[in-house]
Every structure is written in structure tokens, then in C-alpha cells.
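What follows is a single structure, and I will ask about it in a moment.
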There are 2 protein chains.
Amino acid sequence: MRTSLLKMSLVALGMVISTGAFAAEDLMATVESPGKVLKVSLQVAPDGRLSYQVERNGQPVIAPSRLGFVLASDKPLDAGFAMERHLVTAHDSTWEQPWGERRTVRNHYSQLRVDVHQKKDGRRLAIVFRVFDDGVGFRYEFPKQANNRAMHIADELTEFVVAQPATAWWQQAGEVWALEYPIQKTPLREVGMANTPMTVRMENGTHIAFHEAALVDYASMWLRRVEGQRLRAHLTPSANGAPVVRTGSFTTPWRTMQIAGDAAGLYMSDLVLNLNEPNKLGDVSWVKPSKYVGVWWDMHLETKTWAAGDRLGATTDYTKRYIDFAAKNGFRGVLVEGWNPGWDSDWAGNGADMDFTRSNPRFDLPALAAYGKARGVHIIGHHETGGNIAHYEKQLDAALRLYAKNGVDSVKTGYVTDGGAAQFMGKNGKVHFGYTDSQEGVRHYQKVVEDAARYKIAINTHEPVKDTGLRRTYPNWISREGARGVEYNAWGNPVNSVEHEANLVFTRMLSGPLDYTPGILSLEGKDKKPFNSTQAKQLANFVVIYSPVVMAADLIEHYDRYPGAFKFIRDVPTDWDDTRVLHGAVGEYATIARKDRNSSAWYVGSVTDGNARTLDLPLSFLDAGKSYVAEIYRDGDKADYRSERRFDLVIEKRTVTSADTIRMVLAPGGGQAIRLVPAG
Amino acid sequence: MRTSLLKMSLVALGMVISTGAFAAEDLMATVESPGKVLKVSLQVAPDGRLSYQVERNGQPVIAPSRLGFVLASDKPLDAGFAMERHLVTAHDSTWEQPWGERRTVRNHYSQLRVDVHQKKDGRRLAIVFRVFDDGVGFRYEFPKQANNRAMHIADELTEFVVAQPATAWWQQAGEVWALEYPIQKTPLREVGMANTPMTVRMENGTHIAFHEAALVDYASMWLRRVEGQRLRAHLTPSANGAPVVRTGSFTTPWRTMQIAGDAAGLYMSDLVLNLNEPNKLGDVSWVKPSKYVGVWWDMHLETKTWAAGDRLGATTDYTKRYIDFAAKNGFRGVLVEGWNPGWDSDWAGNGADMDFTRSNPRFDLPALAAYGKARGVHIIGHHETGGNIAHYEKQLDAALRLYAKNGVDSVKTGYVTDGGAAQFMGKNGKVHFGYTDSQEGVRHYQKVVEDAARYKIAINTHEPVKDTGLRRTYPNWISREGARGVEYNAWGNPVNSVEHEANLVFTRMLSGPLDYTPGILSLEGKDKKPFNSTQAKQLANFVVIYSPVVMAADLIEHYDRYPGAFKFIRDVPTDWDDTRVLHGAVGEYATIARKDRNSSAWYVGSVTDGNARTLDLPLSFLDAGKSYVAEIYRDGDKADYRSERRFDLVIEKRTVTSADTIRMVLAPGGGQAIRLVPAG
């Protein structure tokens, strides 16, 4: 069933192209992707500066772009380089995901490794490109320094010059909590500093998503537009000195560009996962993709509280109601926020009173764990740190032990900092404040995941560092937030934009799973304010926005009110055998079909922005010659997210085959969800 | 004559507007400029965030813009504020510059001081606005922290939201040596990260120049465009930790906006100087505005070298030729680069071999000093550090002493880092690399100026931190580079653009004097490559580009070749009683008239970009009823910077009065210089 990573095949072909006898040859090294779609060249300029460029089908995608570093500990590594040797190798393998959007991932690339050294003082560096048909990743490899001196990286000079006028979908960086900023669309020339993934569409229709893979012990990369269409890596600042300090030999994260002819191609790329290291945890059958419900939406509606008092949500009685509901409807987990002491004071951005080792007096953790166990339901743990990492790390081991003892095998963590920065313990024993995506933040998040793995606990990080595919290496890093979630639809000021999901699929979702908390069938937030969705779109989001752990976020009583719609939520799985993007335009619409990993059923989700759309869905992904019952959850003919008709949901059944096409009509702000189950 | 700062008059009127009885009043404080041209408001939002806005004649110039800080040592200072009190006072005084563009400066503003505190934890901050009719400066005042804890400022949140679509003239920041990057013109929405001064012109014609004043013990401010027309302060990173670390009570530099209806108005503003502290040096009669020549252009043409060898420039014999020339033509100084040991190795970005305490074997400093003294000529000292500040500071005192002993009262310093960063000595005794405009760079440059003052030596900093008006406080900080100088016209690749001076006047020159090294009458650089100027423009630059110390940069033999043109260079002074901008459009043209501080003569310089222009120059600035001889140095009728006609210079004399208008015809890439001397 869910096996650990299985290397299913491997064809590796190494071809060494040694440096030639002619000096001219040493100034350029080139590699093509396996299907000759992409071509990457690295050049050494007369002054020894390094640059690279990327072509797709002979057309420039990335114009010559700089490489190098400014150091705080030494002279810059930016010029005076000579190419020492370059080596092109080929790689083709497939591996299996323990959980994911698809079971089998092909890792097929050509690699160019270029070793350079500075003629003046002999310092060395290597740049390694992996070129896939659907994108490029490259990273730097630093050797161990003389006397094992620490390398203090002040600035990474890596640039990405987009070769044609382009439109960008991007999110501000350089802010605390910027991962929850709205995604905006502007000409690329108007980007300031962006988080990644940032997606651009060039005038010729080529799409590029810039991101990074395997962000380990390094500062997160923002992209700062220097001028024109020239983007430069900007390392998240550190409170302690240079953004990155490393000792010994090390590699940077991979700088990645997924490159495709359309938006769908971006989402279909597995490049970021492929550039991560294989599973380090061995057997991870204890990591359970599943759905859950939670004592959560109440708090966002402000009908319950996290803090003690009359309206406390995390009580034994109230939790039992959710366990009963979960058991009845096939949810594996129940999240309960506010279960522990520490919420009564001003916790956000502080977190100093949080106690992760015992529960509040009205929440009987062992009793609830036992009550759940008897019904096949697991309590989902919760660690809200208030961004006080220094405080959290002190209790982390005991906190995990408590959960493990009570059968809690999945924990949601949170780092709500109330506009501030996280608190870290310095080497000097003093607490300091810094970005969560700084090098020390990156280390912390990984430490939690590794520590949790020892207790066979999965981690779902909220207010996280961005996802860079580390779920491949640590499959217990089951999901995370790092986007404007559905909670904004509870709070308002403002609610999420109507194109939000169509943006997410082709930007944020390229990085990995999102614990989006979909399924608010009541379609209203605090003070009964509506938000930008039809009921059909709420269902579609379960397929469109991927996460192996998904919270059906609405209140029990709301699900009881809409049993028809709720059936889809009960049915839809969270682990997939395969995934196809059938329609997509960034920020406009997206249709995704996914095959259940544990049955023959397919599920389709389609979402649109504020425009109504008619999309033809050919069912050619179904097994040929087989009949399927299509359970269609569609917008009513007059449905519209701007009126009470947002609740108009039509549920229909049809028998179909792979030769059929379903004409999907999406309302403004609407969507469609389809379950396709083999007939008979 | 040249007195120290003299407070000529002072009318100060303090009017306290205490916080009212109504809470609503506490959410807003407002102040108008003395002539009611500008109005500034500070608001406190319901969540305690602070913002300010600026109107000019009732029209928004700066839309509501955020204030605050992110700290590395504590929670952010960005929200939760309440207004404690605000105080509006008026100030009107005049003061005298020991040297400058004008003798008398009026300092006339309304001040709004707002004291705020964070309700939650009682932390305090004050924001002080000084509102002039021609601009606004504001700064933050930090009280001493509890237990005198150090304040580590990770990020300054100060924003500047330009209220209308605007065009920007800007220079990239975030680079070593960025002050020498070309000035580019783009929509403001396409700015990345800019140095200051950055000048923008809004659609309604209002011009704003963003800059800072009194940059002392703080990181230099870059402006990062966050999105749209929203700019944010970006503090130059430090290699040691937070960009700014301060203990005790302190103030930030003033964040300044010069605001005017046209480009000329920007240049006429004395706001930056007014926001600096008065002269701290007392009698500065030893600071001598003057012209000089130098053993310098030869090296840039590569006909001489800095390093030892056949072509060494800094020899006793060659220097004597320059002293003789200077004496004959009334130049006070002779700069000699390469006079000291250390140039033979790979000095740029290294500088470890530089010896500032003795001269090279072929350069007899005492003999040359005596030779000059007998002829009224001073050797101008030179300290090229190669950016090795750690090394330079060790020798600084001895180096200054050597110069003082030899009558050298003016030193040009240099920080050529070969693309790298400067080297600083850390507290741990280890050298590290960092930006010259980091807090420690700022400290270093000021230390050199203060140390030099003790030896009555003036400093002309090349590869400097940007000028923020500290010449008022330290009048021996006589000039600096910090722009693409004329040396680029020697090097090529590329030469300076034809609109460069018309850009400089309304951007870089708003910060202070520029040692531009004008007057290359030969109009060609290395390998006899021409650059973008007529000969008349070379003369005009002496008036247009202000510096109290000006190097006539061409070779002696070239001046001998053009005695007519050279007469203007001999005549033109470098210290002014008054300055008027008569025409100006950013990057297009500028005409500046200046009155000699030591005679009744006026000088006019006018420059254009690549377009020919006819500009009428009304002479109304002259004393009424007096006759003047106008010595006009104009482009010939067919002059053009793109052909050999660039040498076409016509020298004419006319008698004029203040009632006359001179029609100036500037050739493409041309200029005009006029000397107006009372007749008889």
C-alpha cells in the first residue's frame, strides 16, 4: 500500500565532456533537456563573471543572468572565475510518493555540473544545473573553506532575466506574514519584491514559475526586481548578521524555474519534488492522509473562544460532539484549538504563557483520546506558539511525548505573531526577533518535523516557511498553510478575492499542499457576511486545492443543513493516484481531475473567477470501455456568488464513459465538483 | 569674510496644542508650512498604526503612508500606538554658510512633534515633522531604553506613497558602488530599489525629491518600491546583524521630500542643509574653496600609471610642471594620485599594501610642498584605501599628521573596491566585508572628516557614502564624488549619457557638492574616443555642477591648446554668494546663474541633453541700473556633440544690463557659459 520511497527504475548515463584544448571552449558550457525542449548555457565573461541563460524550443526564456555571491566574510564570489571543467550527465528514474498528487513520479533530466575557480585566489565553486523538459533547477556547491572557516553570505547575486515582456502573479515579500498577502497581477516590470512561487506569463504564452527546492539550513529566497525584467535573489535577512552562515561544504537550495507552454503545464511539473532528497524517514505508513473536522470555525466566527470563559470551544463535551460527528461521517480526525493553557493572556506575538504539556481544566485529553479511539477518530494536536520559537523549543520534546502517549499522530502548529516577527533564542542566551523564513526560522521548522518524526507524528505547519518540496524528504511534513486561507472569509476586511483559488493553483500550489480549510457550505463569515463563492465552488475546492490532510471547516450544524452537498465532502478522498490539469488560466479558472489512490474513482474540481464559464470536460482520463456514474455537483442555472443564488446547487447523476464530454457551466464565482465511480 | 556660522536672526514662536478632551482629537495631528503651501497630517489608526500624509496647495502629494520599525531586539514598533501629545511650533532664522551655493540660508518651517506610546507595553517614540514651503523632513526620536538596552533596528517601515502617477529619475541601489550607476528614467511603478536623492514628477507637474538629511550613526536609506507607487525605506544591510544598532536616546536621519512645482524649485530648496546641525567645528577659515589641477587624467587615459614604472605619474618633476601651471593660472591646488607606496600590487578592493605615511621614492613630498608654497600652490593629498577601511583607520592619524606637517590642507580619499565591498575591522578583531553605506561605513566616513578637522584638513571623499548635508555640521567635508564622474568619459564602455548633467542637477546635486572633474576641452577619452559634449558644455559644467573644490581635469597641454576656452576656467570661482535656477527640466536642460562670493560678477551655465535648445535668459538677477560685460562662451552655429563640430566654440562679448535678455542657443549635447562682470 503506502510504501516508503521505492526506486522503481534508474537509467543513469554519465558522459564526461572534459575541457577542450581551446580556451574558447572554456567560456561556455551547454546542456539540453532530455526531450530537447529546454537548453541551458553557462558563460564565463572576459572578466570572469558567470551567467546562464535558458531557451525553450529555441526561443529565449531567461536572457543572460548573473550568478555569484557577496560575502561578509571574504571578498565577493562574483567575478574572476575560470571554468575548470564541466560534466554533462543524464538521469532517468521513477519513484513512488507515500502520499501525493500522484503515486509515481518520473525524475528525468540532464545535468550540467560546472566547476569554476577564481584565478586570483583559487577559491572554488560549482554550479549544477538539472534541466528537465518542464523546467530548470540549479544550485551552487561550496567546498569546505580553508581552516573550515565559516562562510557568511551577505547577498546572493543570482538573477533571473525574463526574456520577453511578461505579466506576473505575485505576492509581496519583505514582510512578516507576507505569505498571507493577496496575490496580485501586474506587468512584471511593476513587481517590487516577491515571494516565491511567482508565476509569469511571457508575451508568447510561455509560463515560468520561479521558486526554490530543498530549502535547508539557508535563508528563504525572495525575488527583488532590480530593473526592467531583471529579478534577483534576495535572501531573507537575519537578525544576527549575514543572512546565511554555513561551515563545511554545503549546497544552496535549488533555484527553480518551471517552464511550460501554458498554466496547466506548470502544475503538472514535479520538478520541485524531484530536486529534493528522497525520504529520510524510512517506513512512513504512520503518516495518514485523511479528512478532519475541528473546533475552529466557531472561533473565527467569534461564537466560541480560544481563551477560557463561557464560550470556550475546547471543552470535553463540545469535542465529543465533533468526535461523534467525525465517526458518523468517516472523518479520521478532530482538531481542537485552545485545548491547552496560555490563551488567556495576550498570546499572539508573545506566546510566553503557552503550555504545550497539559490541557486546560475543561479538556480531558486522555479521555477524549480514548473516546475517539473507540470510534476510530483521532484527536489532532495543536501547538500555537505565538511565534515564540525560543519558548516552544524548550517544551517541544515533552509536548510531542504527551501527544504520542495519547495517540495523537498529527499536529497542527501555528506561529501567529500579531504583525511582529518570531522570537528566537540566540547563542548568547538572549531572545531576539527575526523573520520566520530566515535561516534560523528554516532550521526551526525542520527541527520540529524531525523531532515529530521520532514520535511518528505528522506536522501541518501554519504560518510556516514556504514549502520547497521537503515533504519528499520528510513525508511527515504533511501539509502547511502559507497562503490566505478560508479563515479570511470569516474575518472579512477583506474576504478572499473571487479569483483566489484560480490564482492559488498556479502560484502557491506549485510549492506543495495547502491546508486551506475548505467546505464552508454556509457561505458566510462573521456577522453573517457573505464571501465570494457559490456552494458548488466550496465542493470543487476539495479537489482543486490539494492537501493530504483536509479540514472540512464548517460547523456541524451547517453540514447537517446541507446533506446533499455534504455527501461530496464525505466521499472525496485526500490521497491520489494521479492528477491531471484539464483547464487552466492563471487567476481565471482551473479544472483538475484526480484519481483516488484507494479506489477506481476519479474526482474533478473546477473553479472560476468572477466570470461565468462553460468548459468542456472530455472524460478521456477514465478507463476506456468502462461505465462510470458521474455524480455532478454544479452551480444552479441562476447561481451567482454576488447574490443569495450562491446557494443554488444542482446535484445530478449521469452514466458516462471515457468517450463522453461533460459540458460544465460555472456560475460567476462558481465551480463544479464531480465524482466518477465505476458503475455497478 | 568667511565667518563661521552666524545666526543672523531668529524668530521662534512656540504654540502648544495640547491633546484635547475628546478622544477623536488624539487620532490626528496636522501642521501647515509657514506659507500654507504644504500641509502634513499624522494619523493614528484604530489599531494604533501610524501614518502621515502630505498635501500641496490642497492636492495630495503623499497619500497616507506608514511609519514604524521592525526590531531585532524587541517586538515591532509598528502598531498599538496612542498619541500622547502633539506640539506645533514655528521657526524662522537665517544662517550663513562658510562656503556654498549661497551665503545666507533661511530656515523657515513649522514643526509638529508628536509623542506616541504603545498602550500595551508603554514603549515610547516621537515623530518630528519640519514643514517648509518647499518640502518636508521628518525623523523619529527614540528615548533611552530600559536598562540602556541596545535597540537593534531590523527594518524601518517608513513609507512614501506618491499620490499621483509619476515619472521617476532614479539609480539602482542594493549594489556596491551603485552611486556610480547611470540615472534612469522610468514610470515610478517600474522602480525597483533606488538610491536617494530620487526625483519624481507627478502627472500634475509637482516634483518631489526623496532623500535624507543628517545621516549620522545610522544605515543609509534606500527606497524600495513595494507595489504601485508605494516606496519604503530600506536600510543598508549590515554584515554584523541588524542594519542599525544604537544605545541610549537617539534620532534617525531626517527623511526628506523636497516638493516644488517645477524642477528648478527642487534645486532652490535648502531643506537638506537646514535639517542638519549647525557647524560643530567653529572657525573654519582654513577650509578653502578653490580650483585645482591634477596628475590624474593621464592615468585615466592610461598614458601615465599610478603604479611604479616608466609611466609613473606621481614624480617630483612631473608634479612641478603642474605646480608651475597652477601658479601661472591661479589654481590653488595640485592633486597627485599615486604619490604613496601600495599601488603596485592588486590594490583595488584590497588596499592592504597602501602606505599613507610616506611617499614613493620618486615623489619628494616636502620638497614639492615647499616648491608649491613658494608659488602659492598647495599639494592636495590623496588616500586611496582600496576599500580597506580596517587598514586605513590604523594609519589615519599618522597619515593626516604627515600631510599637516607639509601644508597639505585638503585630501581626496578613495574607496575603490573592484566590485566588492569595503573591509571593516570587527569588534572581534576579524576583518569583515560590508557596504560603505552601512552604519559602520557611515561612521567611518564621519570619523575621517572629524579626525581631519583636528588637523585643519578638508576632505573630498570619492566612492563616498551619499551626501546628506553634513557639510553644514562639518564644513571641512568640502566635496565628494558619489556619481558617475567625468572619468567615465575617459574609460568609455559606456561614456556618460548626453543628458547626464541635466539629470545630475535635479537628482544627485540635490544632496550636495560633486567633485565632477569638469573641463575636458580635448573632448576625448582613452584611445581618442569622443564623448557626449561640446566644448561650450564643458565650460558650462563649472557653473552647473556645484563644488567648492573643482578640478580642471584636462591635461596641461590641452589647456594650452585652447586658451580662449581656458580663460573661462581660469576666471570661474567656486564659492558663491547666491544661486538661481533659471531654466530646468529633469534630464533635459538646466540653466543656473551664480554670483561670485568675492566679487560682483555673475556666472551662468546652461546645459542641454541631445536636443538643441533656444533659451531666453532674462538678466534680471543683475543689479539694476548697472552695466555688465557679458563674456559669452557659446556653441558655434553648427556645433553638435555627434561630430567634430563639438569643438565649435564662439566667444563673444556684449554689454548688458538687468533689463536685457540673452537668447542662448545650445547645440545638441551643448551648453553655454557666461561671465558677467560689472563694466568699467
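The values are calculated or read from the model by the stated rules, or taken from the named source; none is laboratory data. What you see is a predicted model; the values in this text were computed from it and never measured. Counting neighbours? That spans all protein chains shown, and the Cβs are built from the backbone with ideal geometry, glycine included. All accessible areas refer to the heavy atoms of the entire protein, side chains included, with ligands and DNA or RNA removed. Shrake-Rupley method; radii C 1.70, N 1.55, O 1.52, S 1.80 Å.
So B:ARG471 ticks every box in (1) within 14 Å of chain A (Cβ to nearest Cβ); (2) crowded, with 24+ Cβ neighbours inside 10 Å but one. Which box is left unticked?
It is condition (1) that B:ARG471 fails.
Moving to a separate point now. Which residue, of B:TYR628, B:TYR589, is buried (at least 21 other Cβ atoms within 10 Å of the Cβ), over 22 Å from B:GLY519 (Cα atoms) and at pLDDT 95 or above?
Within the list B:TYR628, B:TYR589, the selection yields B:TYR628.
I've got another one for you. Could you tell me whether any residue of segment A:395-412 is part of a loop (DSSP other than H, G, I, E, B) and either in contact with a Phe, Trp or Tyr (Cβ under 7 Å, 6 or more places away or on another chain) or within 14 Å of another protein chain (Cβ to nearest Cβ) (or both)? Can you show your working first?
Going through segment A:395-412, the residues part of a loop (DSSP other than H, G, I, E, B) turn out to be A:406-409.
Within this subset, residues satisfying the condition of being either in contact with a Phe, Trp or Tyr (Cβ under 7 Å, 6 or more places away or on another chain) or within 14 Å of another protein chain (Cβ to nearest Cβ) (or both) are A:409.
Yes; the residues of segment A:395-412 include at least one that is part of a loop (DSSP other than H, G, I, E, B) and either in contact with a Phe, Trp or Tyr (Cβ under 7 Å, 6 or more places away or on another chain) or within 14 Å of another protein chain (Cβ to nearest Cβ) (or both).
Just to be sure, is B:ARG225 part of a strand (DSSP E or B), among the basic types (Lys, Arg), within 8 Å of another protein chain (Cβ to nearest Cβ) and farther than 29 Å from B:GLY414 by Cα? Before you say what the answer is, go through the steps one by one.
Working: part of a strand (DSSP E or B): yes; among the basic types (Lys, Arg): yes; within 8 Å of another protein chain (Cβ to nearest Cβ): yes; farther than 29 Å from B:GLY414 by Cα: yes.
Considered against the rule, which asks whether it is part of a strand (DSSP E or B), among the basic types (Lys, Arg), within 8 Å of another protein chain (Cβ to nearest Cβ) and farther than 29 Å from B:GLY414 by Cα, B:ARG225 comes out as yes.
Per-residue answers, yes or no, for (1) under 30 Å from the mean Cα position of the chain (by Cα); (2) farther than 30 Å from A:TYR435 by Cα; (3) not in a loop (DSSP other than H, G, I, E, B):
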| residue | (1), (2), (3) |
| --- | --- |
| A:ASP317 | no, yes, yes |
| A:LYS320 | no, yes, yes |
| A:LYS328 | no, yes, yes |
| A:LEU335 | yes, no, yes |
| A:GLY342 | yes, no, no |
| A:ALA348 | yes, no, no |
| A:GLY351 | yes, no, no |
| A:PHE363 | no, yes, no |
| A:GLY381 | yes, no, yes |
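Evaluate the following for A:ILE153: is it open to solvent by less than 10 Å² (accessible area, probe 1.4 Å), farther than 29 Å from A:MET268 by Cβ, more than 10 Å from chain B (Cβ to nearest Cβ) and not in a loop (DSSP other than H, G, I, E, B)? Before you say what the answer is, go through the steps one by one.
Values: open to solvent by less than 10 Å² (accessible area, probe 1.4 Å): yes; farther than 29 Å from A:MET268 by Cβ: yes; more than 10 Å from chain B (Cβ to nearest Cβ): yes; not in a loop (DSSP other than H, G, I, E, B): yes.
Yes, satisfied.
Inspect segment B:156-179 for any residue being in contact with a helix residue (DSSP H, G or I) (Cβ under 9 Å, 6 or more places away or on another chain), among the aliphatic types (A, V, I, L, M), within 30 Å of B:VAL495 (Cα to Cα) and more than 14 Å from every other protein chain (Cβ to nearest Cβ) and give the result as yes or no.
Yes: one or more hits.
Of everything in segment A:320-371, what is touching a helix residue (DSSP H, G or I) at 6+ places or on another chain (Cβ under 9 Å) and among the hydroxyl-bearing types (Ser, Thr, Tyr)? Give them in sequence order.
A:TYR322, A:THR357, A:SER359, A:TYR371
Scan segment B:552-572 and tell me whether some residue there is assigned to a strand (DSSP E or B) and closer than 26 Å to B:ASP270 by Cα.
Step one: of segment B:552-572, the residues assigned to a strand (DSSP E or B) are none.
Checked against the condition, which is being assigned to a strand (DSSP E or B) and closer than 26 Å to B:ASP270 by Cα, segment B:552-572 yields no hits at all.
If you don't mind, another one. Identify all residues within segment B:186-205 that are farther than 11 Å from B:THR507 by Cα and open to solvent by 10 Å² or more (accessible area, probe 1.4 Å); write none if there are none. First the steps, then the outcome.
Start the filter on segment B:186-205 by keeping residues that are farther than 11 Å from B:THR507 by Cα, which leaves B:186-194, B:201-205.
Those that are farther than 11 Å from B:THR507 by Cα and open to solvent by 10 Å² or more (accessible area, probe 1.4 Å): B:THR186, B:PRO187, B:ARG189, B:GLU190, B:ARG201, B:GLU203, B:ASN204, B:GLY205.
Does any residue of segment B:237-256 turn out to be away from chain A (no Cβ under 14 Å), aromatic (Phe, Trp, Tyr), touching a Lys or Arg at 6+ places or on another chain (Cβ under 6 Å) and touching a residue at least 12 places away in the same chain (Cβ under 8 Å)? Steps first, answer last, please.
Of segment B:237-256, the ones away from chain A (no Cβ under 14 Å) are B:246-256.
Cutting the leftovers down to aromatic (Phe, Trp, Tyr) gives us B:250, B:254.
Keeping just the survivors that are touching a Lys or Arg at 6+ places or on another chain (Cβ under 6 Å) gives B:254.
Checking which are touching a residue at least 12 places away in the same chain (Cβ under 8 Å) leaves us with B:254.
There is at least one residue in segment B:237-256 that is away from chain A (no Cβ under 14 Å), aromatic (Phe, Trp, Tyr), touching a Lys or Arg at 6+ places or on another chain (Cβ under 6 Å) and touching a residue at least 12 places away in the same chain (Cβ under 8 Å).
With respect to the numbered conditions (1) away from chain A (no Cβ under 14 Å); (2) open to solvent by 40 Å² or more (accessible area, probe 1.4 Å); (3) free of Cβ contacts under 8 Å to residues at least 40 places away in the same chain, which one is the sole condition not fulfilled by B:THR385?
It is condition (2) that B:THR385 fails.
Taking A:ALA308 as meeting all but one of (1) assigned to a helix (DSSP H, G or I); (2) open to solvent by 20 Å² or more (accessible area, probe 1.4 Å), write down the number of the exception.
The one condition A:ALA308 does not meet is (1).
Okay, moving on. Yes or no: segment A:560-577 includes at least one residue that is surrounded by fewer than 24 Cβ atoms within 10 Å (Cβ to Cβ), touching a His at 6+ places or on another chain (Cβ under 7 Å) and within 23 Å of A:VAL505 (Cβ to Cβ).
no
Can you pull out every residue in segment A:261-288 that is among the small types (Gly, Ala, Ser) and more than 21 Å from A:SER410 (Cβ to Cβ)?
Restricting attention to segment A:261-288, the residues satisfying the condition of being among the small types (Gly, Ala, Ser) are A:261, A:263-265, A:269, A:282, A:285.
A:GLY261, A:ALA263, A:ALA264, A:GLY265, A:SER269 - these are the residues of segment A:261-288 that are among the small types (Gly, Ala, Ser) and more than 21 Å from A:SER410 (Cβ to Cβ).
For residues that are assigned to a loop (DSSP other than H, G, I, E, B), closer than 18 Å to A:GLU175 by Cβ and within 10 Å of chain B (Cβ to nearest Cβ), tally how many sit in segment A:419-437. Steps first, answer last, please.
Step one: of segment A:419-437, the residues assigned to a loop (DSSP other than H, G, I, E, B) are A:419-421, A:426-430, A:435-437.
Subsequent filtering for residues that are closer than 18 Å to A:GLU175 by Cβ retains A:419-421, A:435-437.
Narrowing the set further to residues that are within 10 Å of chain B (Cβ to nearest Cβ) leaves A:419-421, A:435.
The total comes to 4.
How many residues, within segment A:212-233, are farther than 17 Å from A:GLU190 by Cα and open to solvent by 10 Å² or more (accessible area, probe 1.4 Å)?
Initial filter on segment A:212-233 (farther than 17 Å from A:GLU190 by Cα): A:212-221.
Right, trim to open to solvent by 10 Å² or more (accessible area, probe 1.4 Å) and you get A:214, A:216-217.
Selection size over segment A:212-233: 3.
Could you tell me whether any residue of segment A:71-84 is away from chain B (no Cβ under 14 Å), surrounded by fewer than 17 Cβ atoms within 10 Å (Cβ to Cβ) and not hydrophobic (A, V, I, L, M, F, W, C)?
Yes; the residues of segment A:71-84 include at least one that is away from chain B (no Cβ under 14 Å), surrounded by fewer than 17 Cβ atoms within 10 Å (Cβ to Cβ) and not hydrophobic (A, V, I, L, M, F, W, C).
From A:SER547, A:SER522, A:SER600, A:SER533, which residue is in a loop (DSSP other than H, G, I, E, B) and open to solvent by 10 Å² or more (accessible area, probe 1.4 Å)? Spell out how you get there, then give the answer.
Numbers: A:SER547 fails: open to solvent by 10 Å² or more (accessible area, probe 1.4 Å); A:SER522 fails: open to solvent by 10 Å² or more (accessible area, probe 1.4 Å); A:SER533 fails: open to solvent by 10 Å² or more (accessible area, probe 1.4 Å).
Exactly one residue qualifies, and that residue is A:SER600.
If you don't mind, there's one more thing I want to ask. Can you report the number of residues in segment A:180-199 which are among the polar types (S, T, N, Q), more than 11 Å from chain B (Cβ to nearest Cβ) and in contact with a Ser or Thr (Cβ under 8 Å, 6 or more places away or on another chain)? Please lay out each step first, then the result.
Step one: list which residues in segment A:180-199 are among the polar types (S, T, N, Q), which gives A:184, A:186, A:195-196, A:199.
Filter once more, so that each one left must be more than 11 Å from chain B (Cβ to nearest Cβ): A:195-196, A:199.
Keeping just the survivors that are in contact with a Ser or Thr (Cβ under 8 Å, 6 or more places away or on another chain) gives A:196, A:199.
The number of residues fulfilling the criteria is 2.
Next question, about the same structure. I need the full set of residues from segment B:410-439 which are more than 18 Å from B:GLY351 (Cα to Cα) and surrounded by 23 or more Cβ atoms within 10 Å (Cβ to Cβ), in order please.
The answer is B:SER410, B:ASP437, B:SER438, B:GLN439.
Among the residues of segment B:628-649 satisfying the criterion of being under 25 Å from B:VAL581 (Cβ atoms) and free of Cβ contacts under 8 Å to residues at least 60 places away in the same chain, which is nearest to the chain's Cα centre (by Cα)? Even if it seems obvious, please write down each step before you answer.
To start, the set of residues in segment B:628-649 that are under 25 Å from B:VAL581 (Cβ atoms) comprises B:628-635, B:639, B:641, B:649.
With free of Cβ contacts under 8 Å to residues at least 60 places away in the same chain added as a condition, the list becomes B:628-630, B:632.
Details: B:TYR628: 32, B:VAL629: 32, B:ALA630: 30, B:ILE632: 28 Å.
This residue is B:ILE632.
Of all residues in segment B:263-291, count the ones that are within 21 Å of B:ALA369 (Cα to Cα) and open to solvent by 10 Å² or more (accessible area, probe 1.4 Å).
Just the residues of segment B:263-291 that are within 21 Å of B:ALA369 (Cα to Cα), to begin with: B:285-291.
If we keep only those that are open to solvent by 10 Å² or more (accessible area, probe 1.4 Å) too, we end up with B:285-286, B:288-291.
Final tally of qualifying residues: 6.
Here's another thing I want to ask about it. Could you identify the single residue in A:ALA260, A:ALA209 that is away from every other protein chain (no Cβ under 14 Å), surrounded by fewer than 24 Cβ atoms within 10 Å (Cβ to Cβ) and under 22 Å from the mean Cα position of the chain (by Cα)? Explain how you work it out, then say what you get.
On the way: A:ALA209 fails: surrounded by fewer than 24 Cβ atoms within 10 Å (Cβ to Cβ).
Result of the check over A:ALA260, A:ALA209: A:ALA260.
Answer yes if at least one residue in segment B:493-509 is within 14 Å of the chain's Cα centre (by Cα), at pLDDT 95 or above and farther than 21 Å from B:ALA673 by Cβ, and no otherwise.
yes
Could you list all residues from segment B:502-519 that are in a loop (DSSP other than H, G, I, E, B) and among the hydrophobic types (A, V, I, L, M, F, W, C)? Reasoning before the result, please.
Restricting attention to segment B:502-519, the residues satisfying the condition of being in a loop (DSSP other than H, G, I, E, B) are B:506-507, B:511-519.
Answer for segment B:502-519, where residues must be in a loop (DSSP other than H, G, I, E, B) and among the hydrophobic types (A, V, I, L, M, F, W, C): B:PHE506, B:LEU514.
On the given criteria, is B:ARG580 assigned to a helix (DSSP H, G or I) and surrounded by fewer than 19 Cβ atoms within 10 Å (Cβ to Cβ)? Steps first, answer last, please.
Values: assigned to a helix (DSSP H, G or I): no; surrounded by fewer than 19 Cβ atoms within 10 Å (Cβ to Cβ): yes.
No: the conditions fail for B:ARG580.
Same structure, new question: Within segment A:156-184, can you find the residues that are buried (at least 20 other Cβ atoms within 10 Å of the Cβ), under 30 Å from A:THR89 (Cα atoms) and not polar (S, T, N, Q)?
A:GLU156, A:GLU159, A:PHE160, A:VAL161, A:VAL162, A:ALA163
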